[in-house]
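Accompanying notes for the structure given below.
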């Protein structure tokens, strides 16, 4: 029986192919190796090139190649279905978006203040009196007069405030901003001598004559500066990254078309290529013939029958391998080595342009936030300051003096500065706040909203099912009183801690200070101190950096000492390896499901079911085709969350470090699991088994010559995998478009949607999601790897990937502007994601070196293919020196700014712990209707005090919506 029974071959179903086929190959390899071992016990003198039942390494490599051989018709059908599905999703989204703004525009709904019911009534009466033409003119004028973003107004002095851009009306209005931005990008990329391509507009000159001139518009930098003003640096950095990918690979796609034509010419018209192919149907029959002829114990017969499985065709539809380098050998690969050089230089040019543009935006961002306390503060870690009488350190004031001396040196008396570190344990305050937010405040607001929305008496509320059984009820007024009392206790504890943090002259130092924050009067001074002290402190074993915003600090990790963080980091890496190893359990399940046909043949009960009815046959086919991909997708979705939790436990100090750690781990995991292990090591290991007995007995040149065409078959095997990715990109594109409909978010929040009773419940469910770098980049990392690694070998992959990246850009631009809300980390992930691009480029170059070496056996060509690796390393060194935000170039440019903070009093503010901030109260989760809010304030007078934040006005969260009809 062949290792893959022909009756239930999943390779006959193009859309059922996936990463699970890697596991199929390994399952068959292990089965064959076990048989080889049994055969070796009976025949010790067997040749190394033979295996059990006469199957050779070449046969297994050909079988692996066949698994990736997707027909061109299947690929075209997949892209046709993708286009149809994408069009349908866009039409549905365009119709649903203006109707369900809480779902599709949550970020805008949070920040835009709605009109009062009186204003709406007056406008309706006015429109009713107008004619159709006047009404249209009025609505057009109203649309033009809308502000570009909400809330309106300028930023606070030296502080950034998040905003949401306005939503353009129209069925496809959501696509208009992206179209305009794309036009600006293309116009900025054109050289001056190509200005004739820019659209013209008719204007009137000074003499009243109408003339045509180039349409004026914002530059690319001005456009991004406006986006920076609205969305923040994190979102802009991500959009720049997507822009880099879409234009890099679009330019690469045009050249890839020429390379595909060259591949076809080399394969069909020259002796450097060939037209042999392995079609799925023929390969199934070939595998059956291999098994049948192997019973005759003729080792060579399997190779002969395997060759009959192939076919020769010059039709691209029948043989899509003609567009790849699978059959090209010898000097024909010079074309691909040249293309590798071109791709390398294109990556260098595009990344360099993107880094220069990014640096300018970082400089503007720094100036935009010059009055933020975090920009005036430096964070130093790896400290070990404890009470030491020999150094005159006994009080908290002594420890602060020591930290100032360590960072500022002899100039500490000339610079006004303040030092902050946790003098008291913050855990009790943290626990009180969490209990208040999740229980006391939440239940109080829910009780108030229920009684306000459903008038007609006082309700009774229970904490839990056990409370309901025991009759432990509370009224809405009791819940408001309890929440207000808990809030006052928290504020009292905050005041005590603040006073204790300031009055430290006689406070005894307890424990060890492991980290601290030093604040100076201006952001410019903070940059100067950082530049002067970084190298000196690094040599002493300390780490100093500009402090993150207090809400981005992981305080529990920061309070650990260096040894504890180190032990957590080491143990975290060990656990990560174990998790990745445990991830093979679902892989094993995927393998079993993907090889369901084998299980059916071995279990008579399942075999009888299958033979008894076509329905059972169809059921097993569907299970084998759908469940493996579903299980694999589920675990790939969960893995980033597990990695994030583990990175937090391992000692990440800030959210920025957390994002960077998850991106690095995902990149390595996907690279190893999708390419190194399953694509290369499998066939290389089988080749090693072929030559293992000759190692030590023959010279390497003799062993290499004895392999014959096995190396070329290895390269053909992993190049054939590119056909799978051609059918994989359509699926990823559809998944990207599905993000517009927010289906995963709606599925997760279905229980909450079914229990909505008040406007408050609806407002709570419709909160915008947090913008997480690691979760968005997760969907791009693998695509980036695939595209760059196969660019010189399978150029059609580049064309498909370019389409995918344009899709991602359109979808994610809309999501970032209107759906996701950012917890600003000041663009910490830029360096990491750019490094992933460079690493993927190096992997492409390594794969080219391997291909050229195995196919040509020419040292000169291998060196020529490997030289671009040095170009990338030199380029990386150049970027590190000139385009790093902490580098010399950045300092020289940013110091030219005359910050407005030079005019303020020359004193250093205090850096605050996140738990000590006055705006610690929950936001945007209170009653949303102004009429209902006024009714609630009247019925529950203490609600005003409960919703008050610090010394400011109450956080009502109202959007002035009209009164809704009461539910019964």
Quote to one decimal, in nm, the extra length available between residue 251 and residue 450 on full extension: 0.36 nm per residue of separation minus the C-alpha distance between them.
65.8 nm
Among rounded, prolate and oblate, which fits segment 357-397 when a ≥ b ≥ c are the square roots of the eigenvalues of its C-alpha gyration tensor, a/c under 1.5 means rounded, and a/b larger than b/c means prolate?
prolate
Under 18 Å from a point 7 Å along the Cα-to-Cβ line of residue 496: which residues of segment 420-442 have their amide N that close?
422-436
Given a Förster distance of 56 Å, the FRET efficiency implied by the Cβ-Cβ spacing of residue 488 and residue 569, rounded to the nearest 0.05, works out to 0.90
With a Förster radius of 56 Å, plug the Cβ-Cβ distance of residue 138 and residue 475 into 1/(1 + (r/R0)^6) and report the FRET value to the nearest 0.05.
0.70
Separation of the residue 512 and residue 617 label points, Cα + 7 Å toward Cβ, nm:
7.1 nm
Taking a crude spin-label model, label points 7 Å out from Cα along the C-beta direction, the residue 884 to residue 543 distance in nm is 1.4 nm
Going by the alpha-carbon gyration tensor, a ≥ b ≥ c the square roots of its eigenvalues, is segment 469-590 rounded (a/c under 1.5) or, if a/c is not under 1.5, prolate (a/b greater than b/c) versus oblate?
oblate
For 355, 257, ascending order of other Cβ atoms within 10 Å (fewest first) is 257, 355
When 506, 883, 265 are arranged by how many other beta-carbons sit within 10 Å of their Cβ, fewest first, they go 506, 265, 883
For the residues 451, 918, what sequence is obtained by ranking on other C-beta atoms within 10 Å, fewest first?
918, 451
Between residue 392 and residue 438, what length comes free when the chain is fully extended (0.36 nm per residue of separation minus the Cα-Cα distance, one decimal in nm)?
12.1 nm
Based on a Kirkwood Rh over C-alpha pairs, give the Stokes-Einstein translational diffusion coefficient of segment 317-429 at 37 °C and viscosity 0.692 mPa s in µm²/s.
157 µm²/s
Length added when fully stretched, residue 534-residue 125, from 0.36 nm per residue minus Cα-Cα:
140.6 nm
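All of the numbers you see were taken from the coordinates with simple rules; none came from a lab. All values derive from a computational prediction rather than experimental measurement. Don't worry about glycine lacking a Cβ; one is built from the backbone with ideal geometry, like all the others, and counts go over all protein chains shown.
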